[in-house]
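The values are calculated or read from the model by the stated rules, or taken from the named source; none is laboratory data. Note that the coordinates shown come from a computational prediction; the quantities given were computed from them, not determined experimentally. Quick reminder, even Gly has a Cβ in these numbers, built from the backbone with ideal geometry, and neighbours come from all protein chains shown. All accessible areas refer to the heavy atoms of the entire protein, side chains included, with ligands and DNA or RNA removed. Shrake-Rupley method; radii C 1.70, N 1.55, O 1.52, S 1.80 Å.
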Number of protein chains: 2
Amino acid sequence: MSRWKPDARGRLEKAALELYSEKGFEATTVAEIAARAEVTERTFYRHFADKREVLFQRNALADVLAHATATAAAPLAPLEVITHALTEAAPVFEERAELVRQRQAVIAAHPELQERELAKLACLGSTLADALRERGLDATTAALAAGIGMAAFKVAFERWIDDPDQHPLAQHLRHTLDATRHLTTADDASRTDVPVLPRALDTPPSPGG
Amino acid sequence: MSRWKPDARGRLEKAALELYSEKGFEATTVAEIAARAEVTERTFYRHFADKREVLFQRNALADVLAHATATAAAPLAPLEVITHALTEAAPVFEERAELVRQRQAVIAAHPELQERELAKLACLGSTLADALRERGLDATTAALAAGIGMAAFKVAFERWIDDPDQHPLAQHLRHTLDATRHLTTADDASRTDVPVLPRALDTPPSPGG
DNA sequence: GCCGTGATGTCAGTTCGTGACATCACCATA
DNA sequence: TATGGTGATGTCACGAACTGACATCACGGC
């Protein structure tokens, strides 16, 4: 038989998420995580650069975003490309909604983890910007569009996490990206009388896709 | 005479920036910083929460942003308010351009510091979003506008730092925010025919305000 | 049956960051 | 002038985060 139980990495991820949930991030030591995963502390650091990284490693997202951006229809405006890419990426979250929510709860409770999350998001933004430049956008426009996309994603994701009605992430994305287009119009449209996410969600304004 | 040399905090900031510049962030120990500032390591931690924070404490920015947002003319579109606020904030950087550049060089060389920088920027974004909500915007629009504003600021700031011609930050901000307006404006006249930063910077396109 | 490889264990050490307590110039006030 | 409180700093001890170096030994190829 094999010398060690298989999937040490998976066990570490699971143990870490559990312990961070149970007793908080700071109150959890790497030694504890390792013990629960039945490996040594040193092994933890062979799989993850530090105590935070264990929550941020599974990330198919960058690939999905880059691919969707590269393969979007040619004549689309930058923000349309972004909309397409983010919509393509939504299932990555929807498929693991349970896990994602638990993870996010932990992150929300610890500034250090939020810091790391922002770094990951910024990294994603760079990937997106690269992909946009591949499409022929100049560097500044690409960086800007990617930044806007990430800002919109952040808001939509947050709304999705907190949504008591569990509407799909794609829907929150659509509404948020739509709201982006009204930021330049004077006051009246962006007042509270036109909520971004109307009560009746079953008839979203079709963005023409 | 006094028991200790005055301005321990200032000496620590100076020593830290010097050492981080000279030998890198990771290669510098807090003990070294403290020694150069002629205090003990413990005193360092009385002034700064951790080794990174010493680079991020001076921040009049939040106040300026919040104030400028609150006092902007009433009927402005969200993005115009942001434009106003960021423009008001520009002098905070221009006035210490030398220091800001040195600091930024250190940050650019160390992911851990970039992480902290992103966190500070996000915090600033929240402040801005709060101020926008004070103006009557709904939470989602406010968060979105603030996020986009921060994204634009990030790009403009980066361009300013790298600008060999040393154009004022305010100018980069104007151009970047202009590009943002084009990207987010509903009609699809947002093509490449409007370059973000034209060769001749002395005749910026007037945004009609 | 031998050998290289890779994942893990073991151990020692450095640095970060914190709690507890000591010191003593300075200041207010009697 | 004497007294006592305050606040910034020093001193010490310590746990926990990370890292480098070397040991182990199942497995897979040859």
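Observations on the model:
- The residues neighbouring A:Thr69, those whose beta-carbon lies less than 14 Å from its own, together hold a net charge of -3 under the Lys/Arg +1, Asp/Glu -1 convention.
- Inter-site label distance for A:Ala109 and B:Gln57 at 7 Å from Cα along Cβ, in nm: 3.1 nm
- Put B:Tyr20, B:Tyr45 in order of accessible area, highest first, and with a 1.4 Å probe you get B:Tyr45, B:Tyr20.
- Total formal charge among the other residues, if their Cβ is under 15 angstrom from that of A:Thr127, Lys/Arg +1 and Asp/Glu -1: -1
- Per residue convex hull volume, Cα atoms of chain B, in Å³: 157 Å³
- Using a probe of 1.4 Å on the protein chains alone, the accessible area found for A:Ser21 is around 50 Å².
- Cleavage-rule hits, GluC sites (Glu not before Pro), region B:31-103, DSSP coil, Cβ neighbours within 10 Å at most 14: B:Glu38, B:Glu95
- Shielding by other protein chains, A:145-152, mean Cβ within 10 Å: 6
- The ratio of the alpha-carbon radius of gyration of region B:8-55 to the globular-protein estimate 2.2 N^0.38 Å is 0.94.
- Fluctuation leader among B:Gly149, B:Gly125, B:Gly136 - chain B, Gaussian network, Cα springs under 10 angstrom: B:Gly136
- Counting only Cα atoms, the size of the protein assembly as shown along its three principal axes is 70, 57, 39 Å, in decreasing order.
- Helix-only [θ]222 nm of chain B, DSSP H runs n ≥ 4, -39500 (n - 2.57) each, per residue, nearest 500: -21000 deg cm²/dmol
- Given 10 as the ceiling on other Cβ atoms within 10 Å, longest exposed-site-free region of chain A for trypsin sites (Lys or Arg not before Pro) in DSSP loops: A:4-198
- Nearest-0.05 FRET efficiency for B:Ala31 and A:Arg3, computed from C-beta distance (R0 60 Å): 0.90
- Point-to-point label distance, B:Leu76-B:Arg101, nm (Cα→Cβ direction, 7 Å offset): 2.9 nm
- Shielding of B:72-79 by partner chains, average beta-carbon count, 10 Å: 4
- Heavy-atom accessible area ranking, 1.4 Å probe, most first, across A:Ile148, A:Ile161: A:Ile161, A:Ile148
- Lysines with Cα under 22 Å of A:Lys120, excluding same-chain neighbours fewer than 8 positions away: A:Lys14, A:Lys51, A:Lys154, B:Lys51, B:Lys120, B:Lys154
- For residues of B:158-165, the mean tally of beta carbons on other chains within 10 Å: 1
- Simple spin-label estimate for A:His67 and A:Thr40 in nanometres, 7 Å along Cα-Cβ: 3.9 nm
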